[in-house]
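The values are calculated or read from the model by the stated rules, or taken from the named source; none is laboratory data. It should be emphasised that the depicted structure is a prediction, and the values quoted were computed from it without experimental measurement. Note that each Cβ is placed from the backbone with ideal geometry, even for glycine, and that neighbours are counted across all protein chains shown.
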Amino acid sequence: MNTQPTTPLKHYPRVLTIAGSDSGGGAGIQADLKTFAALGCYGMTAITALTAQNTIGVQGIHGIPAEFLKAQIQSVMDDIGVNAIKIGMLHAPEIVDVVAWAIDHYQLKNVVLDPVMVATSGDRLIASETVQVLVRELFPRATLITPNLDEAVLLLGREISDASELELAGRDLLAMGACAVLLKGGHLRGDDVMDLLVQPNSPSERLASRRIQSRNVHGTGCTLSSAIAANLALGLGLSEAVHCARQFIVQAIAHGADITTGHGHGPLNHGFAPVPMHAVHG
């Protein structure tokens, strides 16, 4: 009988993105995978939709059948497993239902939900009837939701015109069932960009930085939520994961500000300072 202690297995920090594909490479799963790699994590995908998209706009959306999304998730979970999940574009109610099933079935933790509704170009990416299902099924199951102002306006049904309204908006999103909210205020006017991390039973955290003048902001929301998920996979607590992710995206915007890609809103520079792949025990 072998009585020698078993050496814990090492693995990469594993992060799954459940999101849409951006053929232009700036947002969606393409931005997610670049972010995971830049932060030393192993990225995997379950694609919800294909988009014909570039820096100018979205020319077409082709939804993936719900049963095939489920098959993708099962393939990843039944073999590789995950330490964190980023959820992005979910275009239809049946797609939301599959994701909710997966969270429950696999008892998934560290779930970051970016409620993608509107592209940087202004194109709508989600059916109206899907919003209610998204709120009901995924807000209570996600560790954190990361709406921008346009998405918060759609969710709350009212305008948010200045930074003083972020606190109430964040608290109202908690009241809709969210466990924690990072409300992104980048669409507000001013020289500073103000985001707000709101959690129950604790003071809100304001995260501010100077606005970087750049047209290359396509995929900022995808990148931020992916960076948070990667940091959670690396073992950081929620607040620290958000702060570190925000530092990453500020630098990614700054390092890509003077680059021309396409004729519209270009991508960030995800690879400004890549780190080697981490290895963790357990």
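A few remarks follow.
- Only residues that are assigned to a loop (DSSP other than H, G, I, E, B) and surrounded by 24 or more Cβ atoms within 10 Å (Cβ to Cβ) were counted in the range 212-252, giving 2.
- Of all residues in the range 48-90 being in a loop (DSSP other than H, G, I, E, B) and of a type in the set (V, I, T), the one that is nearest to F36 (Cα to Cα): V82
- Cβ pairs under 9 Å, 6+ apart, first in the range 55-77 and more than 30 Å from T260 (Cα to Cα), second in a loop (DSSP other than H, G, I, E, B) and of a type in the set (V, I, T): Q72/I64; V76/V82
Quick grid of which residues meet (1) closer than 22 Å to I160 by Cβ; (2) out of contact with any strand residue (DSSP E or B) (no Cβ under 8 Å at 6 or more places or on another chain):
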site	(1), (2)
V198	yes, no
P203	yes, yes
S214	no, yes
C244	no, yes
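- Residue match in the range 90-104 (condition: of a type outside the set (G, A, S), closer than 19 Å to K70 by Cβ and in contact with a Pro (Cβ under 7 Å, 6 or more places away or on another chain)): no
- Test: residue in the range 5-22 that is touching a strand residue (DSSP E or B) at 6+ places or on another chain (Cβ under 7 Å), of a type in the set (V, I, T) and within 14 Å of A230 (Cβ to Cβ): yes
- Any hit, the range 155-169, residues being polar (S, T, N, Q), surrounded by fewer than 17 Cβ atoms within 10 Å (Cβ to Cβ) and either more than 23 Å from Q72 (Cβ to Cβ) or free of Cβ contacts under 8 Å to residues at least 24 places away in the same chain (or both): yes
- First in the range 245-264 and hydroxyl-bearing (S, T, Y), second anywhere and not in a loop (DSSP other than H, G, I, E, B), Cβ under 9 Å, 6 or more apart: T261/H218; T261/P267
- Residues that are of a type in the set (D, E, K, R) and crowded, with 18+ Cβ neighbours inside 10 Å within the range 173-211 comprise K184, D195, listed in sequence order.
- Options G264, G256: the member that is of a type in the set (G, A, S), buried (at least 17 other Cβ atoms within 10 Å of the Cβ), out of contact with any Cys (no Cβ under 9 Å at 6 or more places or on another chain) and closer than 21 Å to I56 by Cβ: G256
- When the test is whether a residue is of a type in the set (D, E) and loosely packed, with under 14 Cβ neighbours inside 10 Å, D79 passes it.
- Within the range 201-224, residues that are over 13 Å from I249 (Cβ atoms) and small (G, A, S) reach partners that are assigned to a helix (DSSP H, G or I) and modelled with pLDDT of 95 or more with beta carbons closer than 8 Å, at six or more positions or on different chains, in the pairs S204/G170.
- Subset of the range 225-242 (residues that are in contact with a strand residue (DSSP E or B) (Cβ under 6 Å, 6 or more places away or on another chain) and not aliphatic (A, V, I, L, M)): S225, S226
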